[in-house]
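Following: one structure in structure tokens, then a few remarks.
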Amino acid sequence: MSAPKVIRWGILATGGIAQTFSRDLLLDPKTRGVTSIKHIIVAAASSSGQARATQFLKDVGAASTAKAYGSYEEFVKDPNVDIVYVSTPHSHHYQNTMLCLEAGKNALVEKAFTVNAAQAKKLTEKAKEKNLFLMEAVWTRYFPLSHYVRDVITSGKLGNVQLVTADNGLCLDPEETMADGKHRMVNPDLAGGALLDSGIYALTWVFQTLYTTLPPAQRKAPSVSSALKIYKPTGQADELATMLLVFPRAENKDVHAVATTSIRYGSDPLGDLSAGPACRVHGDKGEIQIFPPLYRPTKTRLILRDGPIEDREWPQPGPGKGSGWFNGFGDGIQPEGEGQGMFWEADEAAYALVEGRKESPLLTWEESVLIMEVMDEVRKQGGLRFPEKIETTDFPVAL
Ligand SMILES: NC(=O)c1ccc[n+]([C@@H]2O[C@H](COP(=O)([O-])OP(=O)(O)OC[C@H]3O[C@@H](n4cnc5c(N)ncnc54)[C@H](OP(=O)(O)O)[C@@H]3O)[C@@H](O)[C@H]2O)c1
């Protein structure tokens, strides 16, 4: 067996998700049956100084040879970095990713990809011009569970799909936990709000079931009707978004979808799946259900009119019980030895680099831009515009 191909990562920003991603990244890929690639972290950068980057590298267990940078500008010049994971707030993705691409670095960019579609388009154009890999880090799309759901749909088991409903409610109390309005969930300067942060997952389920599952030539943009509720304390972020999308299909086979998201209510208020599925894909022969949370689901139910109900559990792999290893995000710590599941997207990026691909077929540049266009339209209909400095496509702009 040949040695695994080593992918050398640089981590841009040292916040919550950067830590979760990096811990997953450094897990032995054999724990998920992957033998052809291996990830290492060779550098990290913090806008708040080199000491923070040094501490981050130590905390996530990177090798002592990994380099710590106190500036993103210096970091992107590091010749040892194959690919950068951009994990700043989404307000900053455009500026930070353009910096990477201009420096000749491949990039995996946290969701939401950018603030608006114009920025997303500019990034994909730059990646094309520079012949670089670029992917929005919508990790859920790469889960084995997501492959299974898409396969159920493309195999025709559900018949013609009629309707998809998808909900991602976060169950947070913003007045209690984000009272000063500075948190990225509600802060207009950080493109705050439910839509870009959590609505993207409801839209992900709508798109990966109704759009990604079609051959590219048959994919058509949906029409969008929506309502947004503004979060009053900061005035320029949304707390509730309801979207009705109609996907045109030939032969009167249009499909409807309802995507909803909220900061306040939870899709699974008790955290025990008692509220039922968060996504239902309804076909004329049956349905597939995906249980919450939609960003990290671990349970599906297939209900066919002419077959038994099939429940499946999809725990994330990892080093297992007794390993003393833990990962998670915020308060959501996973059981001992269970990965968060962010390694799947890292593997997809690695395969692309090895194969010379510039984008992933599971989330093409065109689809990322289209989803940003949908969110632009929802913001337009809801009267939500962020400060110009983060909506602009000018580069560079200091934020
Ligand atoms: N995939 C997922 O499950 C998931 C989960 C949560 C969040 N996310 C996404 O990941 C991104 C980051 O979220 P997070 O929860 O990690 O945020 P966070 O904990 O606030 O971290 C963001 C980091 O970005 C850097 N940064 C640079 N300029 C900043 C500024 N003006 N304000 C705040 N931070 C700044 C900081 O790192 P340095 O000081 O080191 O530069 C900061 O620690 C967002 O786009 C979010 O949507 C994804």
**Request:** Read phi for every residue in region 120-129 and hand back ³J(HN,Hα) as whole Hz from Karplus 6.51 cos²θ - 1.76 cosθ + 1.60, θ = phi - 60°, with x for Gly and Pro.
**Result:** 4, 4, 4, 5, 5, 5, 5, 4, 5, 4
**Request:** Enumerate by residue number the trypsin sites (Lys or Arg not before Pro) in region 315-367 meeting two conditions: DSSP loop (anything except H, G, I, E, B), and at most 13 other Cβ atoms within 10 Å of the site's Cβ.
**Result:** K321
**Request:** Based on a Kirkwood Rh over C-alpha pairs, give the Stokes-Einstein translational diffusion coefficient of the chain at 4 °C and viscosity 1.567 mPa s in µm²/s.
**Result:** 60
**Prompt:** Toward the positive end of the charge dipole of region 144-314, about the Cα centre and with charges on Cβ (Lys, Arg +1; Asp, Glu -1), which of G192, V206, A237 goes farthest?
**Reply:** V206
**Item:** Pairwise centroid distance, computed over Cα atoms, of region 80-153 with region 205-262, Å
**Value:** 21
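Given a cut-off of under 8 Å on Cα pairs at least six residues apart, what relative contact order in percent is computed for the chain?
RCO, the chain: 18 percent.
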**Request:** Show the residues, 5+ positions off or on another chain, whose built amide H is closer than 5 Å to the amide H of V84.
**Result:** G10, N106, A107, L108
**Qualifying aspartates and glutamates (Cα of each under 17 Å from Cα of K58; at least 8 residues distant if same chain)** = D24
**Complete:** Relative contact order of region 52-126 (C-alpha contacts under 8 Å, at least 6 apart) in percent is 26
**Asked** Ranked highest first by the average count of other Cβ atoms within 10 Å around their residues, in what order do 20-30, 308-318, 88-98 fall?
**Response** 88-98, 20-30, 308-318
**Prompt:** What are the ³J(HN,Hα) values, in whole Hz, obtained from phi via the Karplus relation 6.51 cos²θ - 1.76 cosθ + 1.60 with θ = phi - 60°, for each residue of region 308-324 in sequence order, with x given for Gly and Pro?
**Reply:** x, 6, 10, 8, 9, 9, 10, x, 6, x, x, x, x, 4, x, 7, x
**Prompt:** For the chain, what is the accessible area per residue in Å², given a 1.4 Å probe and the full set of protein chains?
**Reply:** 41
**Prompt:** Which pairs in the list K229/K380; K232/K380; K30/K299 are over 20 Å apart, alpha-carbon to alpha-carbon?
**Reply:** K30/K299
**Request:** For region 260-269, take each phi angle, set θ = phi - 60°, evaluate the Karplus expression 6.51 cos²θ - 1.76 cosθ + 1.60, and give the result in whole Hz per residue in order, putting x for glycine and proline.
**Result:** 10, 7, 8, 6, 7, 7, x, 5, 9, x
**Fill in**
Whole-percent carbon and sulfur contribution to the accessible surface of the chain (1.4 Å, no ligands, DNA or RNA) stands at 52
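Per residue, what volume in Å³ does the Cα convex hull of region 144-314 take up?
That works out to 118 Å³ per residue.
The values are calculated or read from the model by the stated rules, or taken from the named source; none is laboratory data. Model, not experiment: these values are computed from the prediction. Note that we place each Cβ from the backbone using ideal geometry, even for glycine, and neighbour counts take in every protein chain shown. For the accessible areas, the whole protein counts, side chains as well, though only heavy atoms, and no ligand, DNA or RNA atoms are used. Shrake-Rupley method; radii C 1.70, N 1.55, O 1.52, S 1.80 Å.
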